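First up is the structure itself, then whatever we jot down about it.
The values are calculated or read from the model by the stated rules, or taken from the named source; none is laboratory data. Source: prediction; values computed, not measured. Reconstructed Cβ throughout: ideal geometry from the backbone, glycine too, with neighbour counts over all protein chains shown.
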Amino acid sequence: MFDFGFIGCGHMGAILAAAIVKTGRYSVGVSNATEELTKSAAQKTGATPSDNLTLAKSSRFLVLAVRPQDLSPVIAEISPYLKDTVIISVLAGVTVEKIKDAAGDVPVIRIMPNTPATVGEGVILYSAKGVNKDCVDTFLDAFSLTGSLFAMDEKDIDAGCAVSGCGPAFVYRFIEHFADAGNALGIDKDLAVRLAAQTVLGAAKMVLSGEGTPDALCNEVCSPGGATIEGVKTMDASDIADVMKQTLASSFNRTKELGKN
């Protein structure tokens, strides 16, 4: 009997499984596309190698971390064996209704994690409508080492995915170009990367600590006639606001497409 079974344990599945194993409070089984990949996932996460049917039959929580396009064959294989099981879906764009249509009327927690969960600084969006409180509390405790968990209406999760699920890639791009610009000014490239990353981390902590809104904090740094305000003016002139809107819209629209397909 497993507390948590992972069907599909690629990059994100492995991050989540490893975090649950790390709590030391839950038994975790993993299954991947091949026996070799399953063994590899077990070694990475500290979980027990298993298979889809065993996990479906014996897991209290069954985490579906396969690709959205692989949902149908997986559900067809396991649905006859789902009894007293809570499904946790990591499938981008796939609604709870779609999962229930395929798997039967089972409780479903839909989540959208991001990769900084690797270092305990992730974001997990979740919707658990209709799932009993004890199960939700167990889910929250099991995922506690991943970072911060945010309850959301399911209708907002696809938009949230564009912000926090896809968002780390956008931040990495920013840090990359931030560091490249520092390097162009003569700073060693590795040092420029560290300076840029630490600056992003520190600024983010200021926002999260409640020190002020991003706009207010920006204004605090910008002395009239100083160096910072000149850089901010240049950034604003490039219409970064529109770039971010287009970036998130592209990811949001693709998430919707994945769900339909």
TODO: Would you point out which residue out of V66, V30 is part of a loop (DSSP other than H, G, I, E, B) and buried (at least 16 other Cβ atoms within 10 Å of the Cβ)?
DONE: V66
TODO: Among the residues of segment 7-27, count how many are in contact with a Phe, Trp or Tyr (Cβ under 6 Å, 6 or more places away or on another chain) and either more than 26 Å from Y126 (Cα to Cα) or surrounded by fewer than 19 Cβ atoms within 10 Å (Cβ to Cβ) (or both).
DONE: 2
- [ ] Considering every residue within segment 227-241, establish whether at least one is part of a loop (DSSP other than H, G, I, E, B) and out of contact with any Leu (no Cβ under 8 Å at 6 or more places or on another chain).
- [x] yes
Open item on the list: Only one of D215, D180 is assigned to a helix (DSSP H, G or I), modelled with pLDDT of 95 or more and surrounded by fewer than 11 Cβ atoms within 10 Å (Cβ to Cβ). Can you tell me which?
Closed with: D215
Task: Single condition V74 does not satisfy, out of (1) modelled with pLDDT of 95 or more; (2) surrounded by 16 or more Cβ atoms within 10 Å (Cβ to Cβ) - done: (1)
TODO: Provide a single number: the residues in segment 190-210 that are polar (S, T, N, Q), exposed (fewer than 12 other Cβ atoms within 10 Å of the Cβ) and part of a helix (DSSP H, G or I).
DONE: 1
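Could you tell me whether any residue of segment 44-60 is farther than 19 Å from M1 by Cα, touching a strand residue (DSSP E or B) at 6+ places or on another chain (Cβ under 8 Å) and either without any contact (Cβ under 8 Å) to a residue 60 or more places away in the chain or part of a loop (DSSP other than H, G, I, E, B) (or both)?
In the first step, residues of segment 44-60 are kept if they are farther than 19 Å from M1 by Cα; the result is 44.
From what is left, the residues that are touching a strand residue (DSSP E or B) at 6+ places or on another chain (Cβ under 8 Å) are none.
Within segment 44-60, none of the residues are farther than 19 Å from M1 by Cα, touching a strand residue (DSSP E or B) at 6+ places or on another chain (Cβ under 8 Å) and either without any contact (Cβ under 8 Å) to a residue 60 or more places away in the chain or part of a loop (DSSP other than H, G, I, E, B) (or both).
If you take the residues in segment 77-131 that are among the basic types (K, R) and modelled with pLDDT under 95, which one is nearest to G147 (Cα to Cα)? Quick ask: steps written out before the conclusion?
First, pick out the residues of segment 77-131 that are among the basic types (K, R): 83, 98, 100, 110, 129.
Going one step further and asking which of them are modelled with pLDDT under 95, we end up with 83, 98, 100, 129.
Numbers: K83: 30, K98: 28, K100: 28, K129: 22 Å.
Ranking the qualifying residues of segment 77-131, first place goes to K129.
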- [ ] Output the number of residues of segment 222-242 satisfying the condition of being in contact with a helix residue (DSSP H, G or I) (Cβ under 8 Å, 6 or more places away or on another chain) and surrounded by 12 or more Cβ atoms within 10 Å (Cβ to Cβ).
- [x] 3
Task: Check on I187, in a loop (DSSP other than H, G, I, E, B) and among the aliphatic types (A, V, I, L, M) - done: yes
Task: Members of segment 100-140 found to be within 29 Å of A204 (Cα to Cα), among the aliphatic types (A, V, I, L, M) and surrounded by 16 or more Cβ atoms within 10 Å (Cβ to Cβ), listed by number - done: I109, I111, M112, A117, V123, I124, L125, A128, V136
